[in-house]
Amino acid sequence: MAQASNSPSPEAFYSVDTSSFMDWQARYYLVDIFSSLTTRIDGLIAEDRLRAPELVMDEIKAVGTTDLASWATAHKDLFVRTSELLEAALRIQAAFPGLIDPKSQYEEADAYVIALAQMGNGIVVTQETAASEKRNPPRTHYIPDVCRELGVPCFSLLGMMRRERWSF
């Protein structure tokens with residue numbers, strides 16, 4: 001993941017993309033094996049250091065597991081209203097039209113994830129890779145590309161764990 005040179009403060013918050021929640025709960029860091037990860041993520045939420053746009057919850061409900069959707073519903077306070085991010089997200093979408101998936105049938109959270117981090121000096125957490133790292137990418141921009149161009153720090157979920165100095 002790209003990291004901007006203007007490093008956020010140690011207590012900066014994380015703006016989390018759907019892909020990171022999916023990797024955590026449904027793909028790689030399953031809660032039955034990494035149970036202490038759940039406790040640590042809950043700690044970041046309690047400290048108001050882990051947030052996500054409301055559209056991430058919508059995506060989780062659309063494509064996530066039943067357990068992840070239940071978890072998101074139980075943690076609804078971490079999701080920031082779309083209306084609070086709309087203006088900033090629309091500016092990002094206008095500046096980077098290649099961020100939008102032309103085949104998507106619903107509003108995507110990507111620009112909102114970036115806008116949330118950008119508005120509060122936060123760090124984007126996503127599992128996406130830059131367009132240059134993909135073979136024949138269908139879009140010109142992904143979250144790491146836009147973050148790099150805007151100077152917004154961007155890490156993977158593992159990068160967030162390293163930044164927090166978590167060990168398991």
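The chain: D in µm²/s via Stokes-Einstein (Kirkwood Rh, Cα pairs, 37 °C, 0.692 mPa s)?
D = 206 µm²/s.
Can you give the extra length, in nm with one decimal, that the chain gains between L90 and D32 once fully stretched, where that is 0.36 nm per residue apart less the Cα-Cα distance?
My answer for the length gained is 17.0 nm.
Ignoring ligands, DNA and RNA, please state the percent of accessible area on the chain from carbon and sulfur, probe 1.4 Å.
49
Under a point spin-label approximation (7 Å from Cα along Cα-to-Cβ), what is the N136-K103 distance to one decimal in nm?
Label-label distance for N136 and K103, simple model: 1.1 nm.
Please compute, for the alpha-carbon atoms of the stretch 15-81, the extent along each of the three principal axes and give them in descending order in Å.
So the extents along the principal axes, rounded to whole Å, are 32, 28, 17.
When the convex hull of the C-alpha atoms of the stretch 64-132 is computed, what volume per residue in Å³ does it have?
Once divided by residue count, the hull of the stretch 64-132 is 131 Å³.
Among the complete DSSP H segments of the chain, which ones combine at least 15 Å of alpha-carbon extent along their axis with a mean Kyte-Doolittle hydropathy of -1.0 or more?
35-46, 82-95
Given Cβ point charges of +1 (Lys, Arg) and -1 (Asp, Glu) and nothing else, what value in debye, to the nearest 20, does the dipole of the stretch 1-142 about its Cα centre take?
The dipole of the stretch 1-142 has a size of about 340 debye.
With +1 on each Lys and Arg Cβ and -1 on each Asp and Glu Cβ, how big is the dipole of the stretch 49-104 about its Cα centre, in debye rounded to the nearest 20?
Around 100 debye, computed over the stretch 49-104.
Can you tell me the accessible area per residue over the chain, all protein chains present, probe 1.4 angstrom, in square angstrom?
I get 52 Å² per residue for the chain.
The values are calculated or read from the model by the stated rules, or taken from the named source; none is laboratory data. Model, not experiment: these values are computed from the prediction. Neighbour counts are summed over all protein chains in view; Cβ atoms, including those assigned to glycine, are modelled from backbone coordinates with ideal geometry. For the accessible areas, the whole protein counts, side chains as well, though only heavy atoms, and no ligand, DNA or RNA atoms are used. Shrake-Rupley method; radii C 1.70, N 1.55, O 1.52, S 1.80 Å.
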